[in-house]
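Have a look at the structure below, then the notes.
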Amino acid sequence: MIERNIYVPKQLVGIVNRAIVSESLTKSSRDFFPQDYVGKKIERDGFRFHHSIIDVRNEYTQVNKGQEQGGGVLFRQLYSLREDVKLQNYLLDNVLNKIHDNLDDIVLLLRSLLRTRDYKNVVDVFRISPLKGSTNHNIVSGVILAHSMIGEFKEMLLMIEGMDLEECDVVVKSNIFQALIVADVEAYELDNYLETVLKGASKSDIYHLMRAAYNGGNYDYCVRLGESQGSGLKVTLLLCRALWRVGEIERALESFRNIKVNDDTIILVPQIVNVGIQIQAFQEVKKWVKVGGLDDTVVRYLDGIKEGDLEETLQAFADSIERKIMLPDFQILKCIRISNDFKTTLQRLFAICHKDPIPLGIIARYSVMYGFDDIGQQAFDLLASMYLCKPSDKDVSTSLFENIWKTSRLDYIDWAFEFIIYSKRYDDIEQGFVEKVCELAKNTQWVPGEKPNGVRIEQLAEVKVFESLIHQYGRVEPIYSPKPNLVLIVNNSVRIGGSERQVVNCLRAQGHQSIVVVYNEHINTPENSFIDDVKKMEIEIMDYSKPSVISNKSIDQLIEHFLSLLPVSPTLNPGMKSKIRNLCSIILQKRPAVIHLWQDTTNILGAIAGLICGVPRIIMNVRSIPPYPLPDSDFPEKGAKYYFNNRYVRELYSLVLSFPTVKLCHNSKQGIQYYAKWLKMDAGGIKQLTNGFDITHSSRLRHKVHNNLPIVGSVFRFVEVKQPKIWIQTAYELHQMMKGKIRFVIAGDGPMMDEMIQFADELGIGDCIDFLGYHSDVLNLLNTFDLFLLTSSVEGLPNVLIEAQSMGVPVVSTDAGGSRETFEDGITGHLVTEPNPKLLAETLYKCLSDSAWMEEARTKSVGFFERNFSLQTMFGVLSDLLWSSGE
C-alpha cells in the first residue's frame, strides 16, 4: 500500500483526521530539517502522518499483489497520459524505501520526475536505484542535468567524465551542455565541450544545443551558436527570442521580419506567431495570423495592451472567453496594468469571465493580491460553488486551489483547507494542496486557524517563511572574510530616475571601493540610463538576474528549502528565490564589508541575503512615502500597484531591523516620520541621507533666459501621483488671471500624457502649453523657466525642485513628502498645503506680480541649494552610515 509521509503539526491532527479517509498516526522524531544547514537544527512538536487516499491505495495494492500480471502496464499508461502526479504517488516513496525495484518502472518514474522538473527526487531515486551505472544515456544525461539544477556539481562532473560522447545522441549532449551552463563552468570549458560535440553536427543538433543554452539562461551563448552555426526556421525563431533576452531588440525584430512566407514556414505559423508575440513584433504577427488563417483575438488583445486601449483589450478578452482561447496569466495582468483604475478593471474582467473557471481564478487571485478582497472573495466564492456543483470538472478544482495558493494569503489558504474538509473530496489536486499546507506549517510557526496580529491583513506565506529562515539562520558574523573597504550598491537598475541618480552619486564617493549590482543589466542603455556614467568611473557592474553558483552548499540548500515553500506567482517565485540566491552568490564571491540597498523590495530581499551570509553592515535606503497606508497613516495612498508589489515589506522591515547590523535611512525628514509611524518604530532609528548634486556643474550651466512672456514649467512623468490634471487646471486658472499673457512648458512622458494633452485642448489652453515629452537636458531647460510648479500627491525628496533651486528658479509646490525641505517657504518658493488649482494659480500669480521678490528668490535659491544639497555634504553623511560604529 502506498504511504505518503506528510508532516502534520500537532494542532492540525484533528482536522486532517477528518479529511483523510484512512490513516494511522505515530509519534515522530523531532528533527524535520537537514542538520547540515549552517550547523543548526529545527525542532517542531508534531506527528508523522501516514495516510492513503482510497483510490490510490486500492489500485496500488492490486498492483503489488499482481505485479507480474501487468502492474507495469498501468504505469506505462499513466506515463503516456501524462498523469505524473498519480504515477509518482504510486511509485516514488516505494522506490525510495526500496520496496519497489522494477527497473522499467523506475525508468518511467525518472522520466516523469524529469518531465515535472522534480530534480531533487530525480537525484535521490537515481542514487538508490539499480540504474546507478546504467548505460541508458538519455536517462543518465537527464540525471546529470538534475544534479546541476540542485547544485550537486561535483557528482555531476564525475558523471560527465564517465560518458562516452561518441555514443551519445544530440539530446544527451544537449542535456550535458545545459548542465555545464547551469553549473557556471568557465567559458573555455564550454568552448572545449562545444568544439567536441559540434564536429559533424546537423541543423537539428545546433537547434538542440541552442535550446540547451537558452534553457540554461546563457542567452549570449544561444545567440553565438545561432549566428555562427545555425540555419533554418526553428533556429531563427529561437535566435529571435535569445536576442530579445539580451536586449538586442532591433536585431531580434529584424531577424523576425526576415522570415519569408513559403511551404516550410506555413506549417509552423502558430510557432512563428507565438515568438512574434513574445518579442512584441505585433505588425508582423498580424501578417502571419492572416497567412495562417488563425483567429486574431490574441493579436487584438495584445495590440490593445500595446496601445494602452483598455476598451479594445477588454473586448478582445471577452472574445477569447467566448472562443475558449486561454490567455496566459501575465497577459491578463498586463490588461489590469494599462488601466488607471485597477479596481474597476478587475470588476469588469470578473463580469466578463464569471462563467469560465480558469480566467475567473486568475481574476480572483489578482484581485486579492491588489488588495481588493471584496472582488477576490466574491470570485473565489463563485469558484467554490462551481466546485461543489461540478465535482468531476478538473478545471474548476485546479483553478480554485492553485489560485488560492498563489495569492500567498494565509487567511485564504486556511479557508481553502477547511473547504476541502467540508467538501470531503480528496483527489490529486486536493491532496497536493493539503501537502503544501502541511509542508508550510512544518517549516514555519503558522498553522491554519491562526489570526492576524496586525492592523491590516498582511498574513502572508512569504512573511512566515522569511521569519522562520531569518530567526534560525540570520547572522551578524560573516561566513566569509570581508574586504574591509568594499561596498556593494544594489538597485534594480541605473535607468534615468531620481533614486538612480543618487545611486550613481554614491558611486562617486571616495575612500572606498564600490561595485554596483543591478537586475537585468542589458535594459540599461546609454539612452535610458546612467550606465555610461558608471562605466566612465570604471565601476564594476554585476547583474543579479543571471544564474550563478553559490560556493557554500549549505546556504544554497537553505535557500532552496525555504523559498521552495512559496508559490510561483508574480512578486514571489521564481523571482524571489533566484534574486536571493544570486545576491548570496555575489556576496560570497565579492566579500563586501557593507551592502547598500535601494528601494523597498530590493531592501528586503537584499537584507535577507545579507543576513544569511552575515554581511557586517547592511544599509537600506528608502525614498518617497511607504508603499501603502495603514488606517492611521497620514500620508496618501500611492496606488494598488504599490500594494501588489510590496505587500510583504512592512512586516519584513521589522524582521530585518531587529538585527543590529541592519540600518534604515531616508532622504527626507518628512519621509522618516512617515516610515517610523508605518513601521511602529522610533524615528531616531532612521538616519537621513539627503540627495547630493554637483554644485560646480550647476554653476557652469546656470544662466537666466529672458522670455517675452513669463514661463511656468515643470518636469514630471504623467502618472497619477504627479496629479497632472491639477497641473493643467492650475495652468488654466493662471491663464485666465494673466489674460493669456503666459506660457507653460512640461517635460516628461508617461501613460497619462495623451489624455492630458486632450484635457488641455478641451480647456482651450492647448496652444499655450508645450508638451515636450522626455527631455534629457533638464538643467538647461530650467534656465528658461520663470517659475517651477509641482502638483504631486506623493514625493520623496523631489530632485526636480532641488534642481530648479540650483538654476535660480523659484518654486511653487504642493505639500507632498519632503517637498517642503527642498526650498525656503516664502523666500525661495511657496508651499501650498491644499492641492487646489485656484489656490496654486493665485500663488503663482502673486509671485509673477512681485518682480522684487522674484529677483531676490532667484539669488537665494542658489544659496539654499549650495548649503544643503552639495555632493560633499552627502558624502560626509554616507561615510558615517557606511563605516561609523556609533548609532
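General observations
- Counting every C-alpha pair in region 371-523, the share spaced more than 20 angstrom apart comes to 65%.
- Peptides 474-487, 240-253 ordered by average Cβ neighbours within 10 Å, highest first: 240-253, 474-487
- HN-Hα J in Hz across region 148-165 - Karplus 6.51, -1.76, 1.60, θ = phi - 60°, x for Gly and Pro: 5, 5, 9, x, 8, 6, 4, 5, 4, 5, 4, 5, 5, 4, x, 8, 9, 4
- For region 289-357, the alpha carbon positions stretch 38, 28, 18 Å along the principal axes, listed from largest to smallest.
- Bridgeable aspartates and glutamates around Lys98 (alpha carbons under 17 Å apart, same-chain partners fewer than 8 residues away excluded): Glu3, Asp124.
- When each of Lys120/Lys577; Lys483/Lys553; Lys464/Lys663; Lys173/Lys203; Lys173/Lys199 is checked by Cα-Cα distance, pairs over 18 Å: Lys483/Lys553; Lys464/Lys663
- Candidate lysines - alpha carbon under 16 Å from Lys722, same-chain residues fewer than 8 apart omitted: Lys638, Lys641
- Lysine-lysine proximity count for region 291-448, Cα under 17 Å, sequence distance 8 or more or distinct chains: 9
- Heavy-atom accessible surface of the chain: percent carbon and sulfur, 1.4 Å: 48 percent
- Considering every alpha-carbon pair of region 465-581, the percent of pairs per 10 Å bin, from zero through the bin containing the longest distance, is 11, 35, 33, 20, 1.
- At q = 0.07, 0.14, 0.15 Å⁻¹ the log10 of I(q)/I(0) for region 71-289 amounts to -0.27, -0.93, -1.01, computed by Debye summation with a single uniform scatterer per C-alpha, solvent ignored.
- Leading residue at positive end of dipole, the chain (Cβ point charges), from Ala316, Tyr674, Ala384: Tyr674
- Per-residue extension of 0.36 nm, minus the Cα-Cα distance of Lys677 and Asn340, leaves a gain of 118.5 nm for this segment.
- Based on Cα atoms of the chain, Rg over Rh with Rh as the Kirkwood radius reads 0.99.
- Shape call, region 120-213: gyration tensor on alpha carbons, a/c limit 1.5: prolate
- Dimensions of region 797-853 based on its C-alpha atoms, expressed as ranges along the principal axes with the largest first, amount to 27, 25, 14 Å.
- Ranking Gly232, Val143, Gly217 by Cα position along the charge dipole of region 71-289, where only Lys, Arg, Asp and Glu carry charges on their C-beta atoms, puts Gly232 farthest toward the positive end.
- Note on the chain: with charges restricted to the Cβ of Lys and Arg (+1) and Asp and Glu (-1), its dipole about the Cα centre is near 1100 debye.
- Our coupling estimate for region 741-753, obtained by passing each phi through the Karplus curve with A = 6.51, B = -1.76, C = 1.60 and θ = phi - 60°, is 8, 6, 10, 10, 9, 10, 9, x, 10, x, x, 9, 5 Hz, Gly and Pro reported as x.
- The H on the amide N of Met542, modeled in the peptide plane, is under 5 Å from the matching H of Val516, Val517, Val518, each at least 5 residues off or on a different chain.
- Taking 16 Å as the straight-line reach from the Cα of Lys680, the aspartates and glutamates in range (excluding those fewer than 8 positions away in the same chain) are Glu458, Asp632, Asp634, Glu651.
- Summarising the label geometry, the points placed 7 Å from Cα in the beta-carbon direction at Tyr480 and Tyr774 lie 3.4 nm from one another.
- Accessible solvent surface per residue of the chain, calculated while the other protein chains remain in place, 1.4 angstrom probe, Å²: 43 Å²
- The Cα atoms of region 711-869 define a convex hull whose projected area, averaged across directions, is 8.0 nm².
- Assuming charge only on the beta carbon of Lys and Arg (+1) and of Asp and Glu (-1), the dipole of region 730-835 about its Cα centre is about 320 debye to the nearest 20.
- Using θ = phi - 60° and Karplus 6.51 cos²θ - 1.76 cosθ + 1.60, couplings along region 509-523 (whole Hz; Gly, Pro as x): 4, 8, x, 7, 8, 10, 10, 9, 10, 10, 10, 6, 4, 5, 6
- Here is the size of region 291-448 from its Cα atoms: Rg then Dmax, 16.8, 57 Å.
- Note on region 255-355: dipole from Cβ charges, positive end direction compared against Ile259, Gly292, Ile305; the farthest Cα belongs to Ile305.
- The order of Trp678, Trp883 by accessible area, most exposed first and with a 1.4 Å probe, is Trp883, Trp678.
- Region 468-688, Rg to Rh (Cα coordinates; Rh as Kirkwood inverse mean 1/r): 0.94
- Unit Cα scatterers, Debye sum, region 171-295: log10 I(q)/I(0) for q = 0.22 Å⁻¹: -1.20
- Estimated from helical segments only, the mean residue ellipticity of the chain at 222 nm is -16500 deg cm²/dmol, where each DSSP H run of four or more residues counts as -39500 (n - 2.57).
The values are calculated or read from the model by the stated rules, or taken from the named source; none is laboratory data. Note that this is a predicted model, so its numbers are computed, not measured. Using ideal geometry, Cβ is built from the backbone for each residue, glycine included, and neighbour counts are taken over all protein chains shown. The area values use the complete protein model at the heavy-atom level, side chains included, leaving out ligands, DNA and RNA. Shrake-Rupley method; radii C 1.70, N 1.55, O 1.52, S 1.80 Å.
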